[in-house]
Structure formats: structure tokens, C-alpha cells
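Right, one structure below, let's go through it.
The values are calculated or read from the model by the stated rules, or taken from the named source; none is laboratory data. On a predicted model such as this, the values are computed, not experimentally measured, just so you know. No Cβ is skipped: glycine too gets one built from the backbone with ideal geometry, and neighbour counts run over all protein chains shown.
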Amino acid sequence: MPLQYKVFTLGQMQNNTIVVYEDLSKIGYIIDPSFQNQPVLDFIHQQAITIEKIICTHAHFDHFAGVPFFKEFLSPSPAVLINKKDLPLWQDGGGSKQFNYLIKLPPEPDEFLTDNQVLTLGGEQIEIRAVPGHSPGSIVLRIPSLMLVISGDTLFRESIGRTDLQDGDHDLLVAGIAAQILSLPGDFIVIPGHGETTTVSHEKAFNPFLSAR
């Protein structure tokens, strides 16, 4: 059966946490667990989904704050995956100290994702693409069977991720968005780390940061 997904917008920073799963095998992944995760856990239990992996698109604290929660309440405990280039940021608390957030630091990641890596869930491919610039290890997940991109904080509806934080790079981010997201067919859906869902064609037409593309 084709993959399914559900988006939860939760917490004080209105993060989008996504559960992607295969409805027959009931195997799934959590993408970017943030704050106030009980609705996500309830859904997982209601659907009887076994979460194999937790994938963080990057290592800013609001995209991994929920890892300890799910590590505690899911059994078997899922593996946690990030791009290794963001490991120093992860180990330093993901910027939580600079923003005066008190969070429970997660354990070290179990696996490291690499650019052009392909994961398989329910027989369908999930493509990992590096899009640095918001953070050194920012990634996006492309799911061709769903015509879907999970963009983290690289691309938002009519905006892009911040590049004024430590290790940010505006030109690198815009180039990565062009290569890894805007190159897709226009009807691909884009789920950002915060805010409304959009499409590739909408961003090509209306995103002021990408208008020259």
C-alpha cells in the first residue's frame, strides 16, 4: 500500500511534526519531534504504528526537543537519525541556550544520514538531500510516491530559513533549495518545519527569496 502521512502543528513555536507510515505493515517514521507531543503519541497508538526511526531535518532544538519523550514512551525504542554535520550543534543543545529554552537534551544519534541516501519504507523510497545554509547539516526528505517534500527549515511558504544564526549561509541555502526542491515537478507538496504547506510551483511563482529562479 502507498505511504500515508499526518502533520501535527504543536508547541509554542508551532512546529510541524510529521508521521510517515505504511498502512499495511504499520511501520513508520517521525520527522522533527518538537514540543507537546501527546497528540502524536496518541495517533501512533490509535493506528498501531511501530516507529522505526526518528529523523531530524536539522539540529536546532525545536526540531529534536521531542526525542527524549518518544524514546521513553515508544517500544521498541526508535533509532534517531541526523546529518553528522549537525552533530556539534546537537551536542551543544541546538541553540536552546541562546534562546533561553530549558530542554532535556536527547541522547546521541543512533545513525547518521548522508546526502543522496535512500531509505525504504513500505517498499517506497525516501530520498535524503543535503540543503545546508540554515544549518551545516540541514536535510530535506523527498518522497516521490507521495509527491512530497519535507523541507524542515530550509523552505517555507513564501520564505526561506534564517541564515543569520551561527554557521548560516544565505547563498548556499538558496542554491540548495533550487537544486533539491525547485527542480522537482511543480505539483510536489512541500511541508515546512513551521507554517502552511505549499507547493513547488507556488514557491517558484511567489517566493520573493527565489524570484530570480
Counting just the residues of region 1-25 that are of a type in the set (S, T, Y) and surrounded by fewer than 19 Cβ atoms within 10 Å (Cβ to Cβ), which one comes out farthest from V140 (Cα to Cα)? S25
Check off (1) closer than 27 Å to L146 by Cα; (2) surrounded by fewer than 16 Cβ atoms within 10 Å (Cβ to Cβ); (3) modelled with pLDDT under 95 for Q47 and give me the number that stays unchecked. (3)
Quick check, is L89 aliphatic (A, V, I, L, M) and either surrounded by fewer than 20 Cβ atoms within 10 Å (Cβ to Cβ) or in contact with a strand residue (DSSP E or B) (Cβ under 7 Å, 6 or more places away or on another chain) (or both)? no
Please work out which residue is surrounded by the fewest Cβ atoms within 10 Å (Cβ to Cβ), limiting yourself to region 162-173 and to residues that are over 8 Å from G133 (Cα atoms) and touching a residue at least 24 places away in the same chain (Cβ under 8 Å). Q166
Does T50 qualify as being within 15 Å of the chain's Cα centre (by Cα) and hydroxyl-bearing (S, T, Y)? no
Qualifying position, being of a type outside the set (A, V, I, L, M, F, W, C) and within 18 Å of A59 (Cβ to Cβ), among G186, G168, G195, G122: G168
G152 being in contact with a Leu (Cβ under 8 Å, 6 or more places away or on another chain), under 13 Å from F64 (Cα atoms) and not aliphatic (A, V, I, L, M): no
When region 70-96 is examined, which residues are found to be touching a helix residue (DSSP H, G or I) at 6+ places or on another chain (Cβ under 9 Å) and farther than 22 Å from P192 by Cβ? F73, L74, S77, P78, G93
Kindly list, by first and then second residue, each pair from a residue in region 179-201 that is part of a loop (DSSP other than H, G, I, E, B) to a residue that is small (G, A, S) and surrounded by fewer than 17 Cβ atoms within 10 Å (Cβ to Cβ), limited to pairs with Cβ atoms under 6 Å and residues at least 6 apart or on different chains. G186/S201
Scanning region 175-187 for residues that are surrounded by 21 or more Cβ atoms within 10 Å (Cβ to Cβ) and either over 16 Å from the mean Cα position of the chain (by Cα) or of a type in the set (S, T, N, Q) (or both) gives Q180
Quick one: is F99 modelled with pLDDT under 95 and surrounded by fewer than 16 Cβ atoms within 10 Å (Cβ to Cβ)? yes
Test each condition in (1) within 18 Å of G28 (Cα to Cα); (2) of a type in the set (D, E, K, R); (3) surrounded by 15 or more Cβ atoms within 10 Å (Cβ to Cβ) for E72 and report the one that comes out false. (3)
